[in-house]
Amino acid sequence: MTPATRMGLSIAAAVSLYGLSFGALSVASGLTLWQTVALSALLFSGGSQFAFIGILAAGGSGGAALGASTLLSARNTIYAVQMKAMFDPSGWRRWVSAQLTIDESAANAMSQTDPEERRRGFWVTGLGVYVGWNLATVVGALLGDFVAEPEALGLDGAVVAAFLGLLWPRLRSREPWALAVVAALVTVLTMPMLPAGVPVLLAAVVAASWGLVTRGRSGGAESTRTHKEHEEVRP
């Protein structure tokens, strides 16, 4: 078993466990079994799915839930561009790889140095997480149907804990913490004035804008540094 395969299977096993929580929380939020299953099968983006049901559970509209979920999953577009540059899938593989492009599959692929290992890491992780997440979602949703009062078991608060569990490994530098604080402030300050779900949507807009601004600055700095290096080596 290659390193990329081992990493992909371990990631799939760990991430899939969150599908149990999602399935139970989704039906507790008011979605049916089949709506829950469809959300995992079609959207297939853990953070976006938890945000979607979290807004619905708080009384937010479907539009607000969809908007916040879409903004959170926009990062997969960037991953998709990187994956296409790495192994350029064609035919039916292009459509399948588009669905499997998530944080975990992209991270495993980009952490490898050998081209074959990159491809293997992407597919093993993507397929493993997809199958495991969807199976766990079904089990969690079926178990959730037997819970008469989800609030009594703390499932209304578990959605926050599960979302933080997905987010925590990514908070490894000061910038994500600063962004989290700003987004939290936007949410808290606008909650008394706006309908449920809209403050989260505004926070997502702030996060997306932050990413565009910082990416532009880093790109400009890199361009300036490259230009200076060329100037230094010019005779």
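Would you check which residues across the stretch 72-96 are part of a helix (DSSP H, G or I), surrounded by fewer than 20 Cβ atoms within 10 Å (Cβ to Cβ) and aliphatic (A, V, I, L, M) and list them?
ILE78, ALA80, VAL81, ALA85, MET86, VAL96
Residue under question is GLY67, and the condition is that it be of a type outside the set (A, V, I, L, M, F, W, C), closer than 21 Å to SER209 by Cα, in a helix (DSSP H, G or I) and in contact (Cβ under 8 Å) with a residue 60 or more places away in the chain; does it hold?
yes
Filter the stretch 120-130 down to residues that are under 15 Å from TYR79 (Cβ atoms) and of a type outside the set (Phe, Trp, Tyr) and give me whichever is surrounded by the fewest Cβ atoms within 10 Å (Cβ to Cβ).
The extreme case among them is GLY126.
Can you confirm whether the stretch 133-156 contains a residue that is at pLDDT 70 or above and either outside the structural domain of THR32 (by TED's automatic domain parsing) or not in a helix (DSSP H, G or I) (or both)?
no
Would you confirm, using the coordinates I've provided, whether LEU33 is within 19 Å of VAL138 (Cβ to Cβ), of a type in the set (A, V, I, L, M, F, W, C) and out of contact with any helix residue (DSSP H, G or I) (no Cβ under 6 Å at 6 or more places or on another chain)?
Here the answer is no, as LEU33 does not meet what is asked.
Pull up the stretch 1-28, narrow it to residues that are under 15 Å from the mean Cα position of the chain (by Cα) and among the β-branched types (Val, Ile, Thr), then point me to the one that is surrounded by the most Cβ atoms within 10 Å (Cβ to Cβ).
Only one residue tops the list, namely ILE11.
Going through the stretch 101-119 one residue at a time, which ones are in a helix (DSSP H, G or I) and either surrounded by fewer than 20 Cβ atoms within 10 Å (Cβ to Cβ) or touching a Pro at 6+ places or on another chain (Cβ under 7 Å) (or both)?
Taking the stretch 101-119 and keeping what is in a helix (DSSP H, G or I), we get 103-111, 115-119.
ALA107, MET110, SER111, PRO115, GLU116, GLU117, ARG118, ARG119 - these are the residues of the stretch 101-119 that are in a helix (DSSP H, G or I) and either surrounded by fewer than 20 Cβ atoms within 10 Å (Cβ to Cβ) or touching a Pro at 6+ places or on another chain (Cβ under 7 Å) (or both).
For the stretch 29-55, what are the residues that are surrounded by fewer than 21 Cβ atoms within 10 Å (Cβ to Cβ) and in a helix (DSSP H, G or I)?
Result: LEU33, TRP34, GLN35, VAL37, ALA38, ALA41, LEU42, LEU43, GLY47.
Going by the conditions given, is ALA4 within 19 Å of SER111 (Cβ to Cβ), part of a helix (DSSP H, G or I) and touching a residue at least 40 places away in the same chain (Cβ under 8 Å)?
yes
The values are calculated or read from the model by the stated rules, or taken from the named source; none is laboratory data. If you're wondering where the values come from, they're calculated on a predicted model, not measured in any experiment. As a convention, Cβ positions derive from the backbone with ideal geometry for all residues, glycine included, and neighbour counts pool all protein chains shown.
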